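What follows is a single structure, written as structure tokens, with notes after it.
Any read-out appearing in this document is the output of simple, stated calculations on the displayed coordinates, not a laboratory observation. Everything numeric here is computed off the predicted structure, so don't read it as measured data. Neighbour counts are summed over all protein chains in view; Cβ atoms, including those assigned to glycine, are modelled from backbone coordinates with ideal geometry.
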Amino acid sequence: MNRVVITGLGAVSALGHDLRAHLEALRAGRSAIGPITIIPTEGLITKIGAEVRGFDGNAYFENGKLALLDRCAQFALIATREAVAGSKVSFRQGLGSRTAVVIGAGVGGQTTLDENYYRVYAERAKRLHPFTIPKLMISAAASHITMEHGITGPSFTVASACASANHAIGIAFHMVRSGSVDVAITGGTEATITFGTMKGWDALRVMAPDTCRPFCRDRKGMVLGEGAAVAVIETLDRAKARGAQILAEIVGFGMSSDAGDIVLPSADGAAAAMRGCLADARLAPEDVDYINAHGTGTAANDVTETKAIHAVMGGHAKRLAVSSTKSMHGHALGAAGALELAATVIALREGFIPPTANFTEADPQCDLDYVPNEARLQGIEVAMSNSFAFGGQNAVLAIRRFT
Amino acid sequence: MSLDQTEKLGKGDPAAIEGDVLDIIAHQAKVERATVTRSTSLAELNVQSLDLVEIIFALEDKFDIEVPYNANDPGSAGVSFQNVGDVIDGIAKLIAARDVRKTA
């Protein structure tokens, strides 16, 4: 089996438009949650989000191409460009056919869907733009990545709501590890801050009106984010042979299903995915220094996830650090695991643990070390990143510092 | 709001409100309407979190009100969802506030 390393990484989120901006925001513990500006919020209960601010697709794409790209595909392409540039991988000379593109997305081209439904149902438009379907399809981002980079190997999109990106990255990791491909471009993308979607979230009654405070006594729910993060991963042998930068090693991936509730999480399901990840990585609980938590800030998730960490880690649970970077970049659904992988790789590389921002006072039922408010300068060797989706689809990654 | 819509929403008659709330809760809990009284607790009707969100949705739709309920912070709603009677009283208050708003 191949060892698998990350040789390129790119990110776009509320924290900024590139990886450098993410590093700076995570180190400063700066939350990017604020008033929603990209849609009118009159008539919405939830008026805050973690938007990609100051974003103009025209700066990245020429007109003809932009017309084909939903906001979520734009984010994915921009993050991919950064990851490919950083890895200095070239897909010429046959590598394109030995490369996979596996992208997670929870919803897909929601902006396109919303706008066009409005046109036909509200404005009674007689016709829609012919690009409507190719723009809204959930797999469009992955397809555009193959086209832009000349990748002719396997490409597909993975959907498992909030765990989509972790499932995508985990499957891509296994594909490279097994040798079915040499390289993979993998991550997640999402852009669902639309009026229709926000009305749906309002109706579910789980959104915070103030901010996202994971694991706190006074937490009031989740805050929606958006963005994309993409990694170039490849075999260690290949990366070494071509002298590529190696950002971190992916060492394990575990999955499980709760078979329980369509919205409520299960500690057993979460624990099963974490245990599966440790087994896949051949790691003991004591090896783990840091967990980038799912940490949505809902009443149900944070207590359940804390229980699951106790169940898996035993006495080591109190010694490791746990933080939720959703407190800074919001919950980007299908991109969440990818943004959190980026945060985790930054933490491993830069020797600090990103904090749980907006932290007030711990919930008595949440009794772990959540790294409140300030990044902690601490070298870490092994980290896990949790994603636990609505509908009980759980996916956990393990990452090791590469030296 | 047109006259016939106001008609449909009811005029805030307490007995009618109680009847409508009982209908909605019994329907969502999938129990006989006659088994639900003011003192019945939602817990004993086995109303789970998503059921409660659906009940609130139905109440808002029926009475044209907004129930400021957040599942992460149930205390902030101003309406208790412990017993059926609490729900009836809380909804009646929101309907009264609705009518004040509409006549203002």
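Between the listed residues A:Ser13, A:Cys72, A:Ala239, the Cα displaced farthest toward the positive end of the dipole of the protein assembly as shown, a dipole computed from Cβ unit charges relative to the Cα centre, is found at A:Ala239. The phi torsions of the range A:63-79, fed into the Karplus equation with coefficients 6.51, -1.76 and 1.60 and a -60° offset, translate into couplings of 3, x, 6, 4, 4, 9, 10, 5, 3, 5, 6, 4, 4, 5, 5, 5, 5 Hz, rounded to whole numbers, with Gly and Pro shown as x. Span-like helix criteria (full DSSP H runs; alpha carbon extent of at least 18 Å along the helix axis; mean Kyte-Doolittle hydropathy of at least 0.5) are satisfied in chain B by B:14-29, B:49-63. Using the Cα centre of the protein assembly as shown as origin and beta-carbon charges of +1 (Lys, Arg) and -1 (Asp, Glu), tell me which of A:His144, A:Val382, A:Val396 is placed farthest towards the positive end of the dipole. Final value for the positive-end residue is A:His144. Note: relative contact order over chain A, using C-alpha pairs below 8 Å and six or more positions apart, is 24 percent.
Around the Cα centre of the protein assembly as shown, unit charges on the Cβ atoms of Lys, Arg, Asp and Glu (plus for the first two, minus for the last two) sum to a dipole of about 1660 debye. For the range A:1-105, applying the loop criterion from DSSP together with a ceiling of 16 other beta carbons within 10 Å to the GluC sites (Glu not before Pro) yields A:Glu42, A:Glu62. Where in chain A lies the longest segment free of trypsin sites (Lys or Arg not before Pro) that are both loop residues by DSSP (not H, G, I, E, B) and have at most 11 other Cβ atoms within 10 Å? Longest gap between qualifying sites, sites excluded: A:128-281. Could you pull out every one of the aspartates and glutamates with an alpha carbon less than 15 Å from that of B:Lys93, ignoring same-chain neighbours closer than 8 positions? Counting by Cα, and skipping residues close in sequence, B:Lys93 has these aspartates and glutamates nearby: B:Asp13, B:Glu18, B:Asp20, B:Glu60, B:Asp64, B:Glu66. Measuring between alpha carbons in the structure, the pairs from A:Lys47/A:Lys220; B:Lys62/B:Lys102; A:Lys199/B:Lys30 lying more than 18 angstrom apart are A:Lys199/B:Lys30. Counted without the sites themselves, the longest stretch of chain B free of trypsin sites (Lys or Arg not before Pro) in a DSSP loop having at most 16 other beta carbon atoms within 10 Å is B:39-104. The mean sequence separation of alpha-carbon pairs under 8 Å and at least six residues apart, normalised by the residue count of chain B, gives a relative contact order of 30 percent. Exposure proxy ranking for A:His294, A:His167, based on other Cβ atoms within 10 angstrom of each Cβ and starting from the fewest, stands as A:His167, A:His294. Database remark: amide H of B:Asn70 closer than 5 angstrom to the amide H of B:Ser76, B:Ala77 (H placed geometrically; neighbours at sequence offset of 5 or more, or on other chains; Pro and chain starts carry no H).
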